[in-house]
1. Length gain on complete extension for the stretch VAL40 to GLU23, per 0.36 nm per residue less the alpha carbon to alpha carbon distance?
2. With labels modelled as points extended 7 Å from the Cα through the Cβ direction, what inter-label distance (nm, one decimal) is found for GLU10 paired with ARG32?
Amino acid sequence: MPTPEDRNDEPIHHDADKARGAEIILTKRRNRTIFIAGLVGFVLLALTFGMAG
């Protein structure tokens, strides 16, 4: 059985069904908080630049 070190030259294969869909899984409260804080920060940044320009 080949080890991971032996398989570096083989291309990685992903099925089209698994590769095309994006799903965000936020199972931990900390991850959800960071994600929502990032979205809020982006909106505030957009509003700041919108008012400035």
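Read-outs throughout are calculated quantities, based only on the coordinates presented, and are distinct from any laboratory measurement. What you see is a predicted model; the values in this text were computed from it and never measured. For neighbour counting, all protein chains shown are included, and Cβ atoms are generated from backbone atoms with ideal geometry for every residue, glycine included.
1. Extra length available between VAL40 and GLU23 comes to 4.1 nm.
2. 3.9 nm
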